[in-house]
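Here's the structure we're looking at; comments come further down.
Rule-based calculations on the coordinates, nothing more; no lab input. Just so it is clear, the model here is predicted, and its values are computed rather than measured. Positions of Cβ are backbone-derived with ideal geometry, glycine not excepted, and every protein chain shown enters the neighbour counts.
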Amino acid sequence: MTTPRRALIVIDVQNEYVTGDLPIEYPEVQTSLANIGRAIDAARAAGVPVVVVQHLSSASSPLFARGSEGAELHPVVAARARDHYIEKSMASAFTGTDLADWLAAQQIDTLTIVGYMTHNCDASTINHASHAGFAVEFLHDATGSVPYENSAGFASAQQIHQVFSVVLQSNFAAVASTDQWIAAVQGGAKLQRGDIYTSNQKARGRRVAA
């Protein structure tokens with residue numbers, strides 16, 4: 001089995017999600033921040049390159065306004081070394097950036113996604129990467145969601161995070177804990193992604209058993 005050539009993609013770990021106007025609610029933000037720090041440290045120790053992504057909007061935006069405190073990188077990320085930095089304005093870290101070219105130059109074949117938010121920039125980047133042919137990993141306890149309510153209804157942060165994690169594991173990414181990922185990195189192992197058929201069969205079996 002070929003050892004994955006990983007890069008850790010640290011998405012939008014910014015103050016807006018911690019002390020700003022878009023606070024992460026699930027998993028608890030201090031838990032995810034601690035795991036993001038652990039993932040970066042484990043990557044550095046293993047020689048896995050770290051890419052830091054920062055979302056910036058116009059100065060008049062209510063979120064991530066350029067030059068604002070909320071848009072700044074959180075100290076958990078800002079205080080740690082990185083191998084590449086990307087500024088983005090769209091959900092996917094690939095759109096309008098040099099990420100694809102940088103990854104190709106480093107001969108990376110596997111992306112590990114941490115950061116915020118599970119259902120928005122993480123999912124967009126994961127889907128983009130999967131369609132581009134990368135293997136993708138998603139660390140569910142080093143990420144997080146916020147609740148939404150709009151004309152389509154209400155969903156809690158926990159519901160959003162859990163549903164997206166299950167859907168990602170079914171087709172787009174290997175979903176794992178930070179501990180599982182660190183063990184895989186140290187052992188040079190791949191994490192296993194699920195598939196749609198098996199995921200659906202298990203769910204249908206649970207319903208029948210009940």
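Of note:
- Within the listed set Ser156, Ser58, Ser124, the Gaussian network model of the chain (springs between alpha-carbon atoms below 10 Å) gives the highest mean-square fluctuation for Ser58.
- Ranked for footprinting exposure by Cβ neighbours inside 10 Å, fewest first, Leu111, Leu8 give Leu111, Leu8.
- Between Ala104 and Glu87, the simple label model (points 7 Å from Cα in the Cβ direction) yields a spacing of 2.4 nm.
- Per-peptide average of other Cβ atoms within 10 Å, ordering 61-71, 166-176, 138-148 highest first: 138-148, 166-176, 61-71
- Separation in nanometres of the label points that stand 7 Å from Cα toward Cβ, at Ala34 and Val167: 3.0
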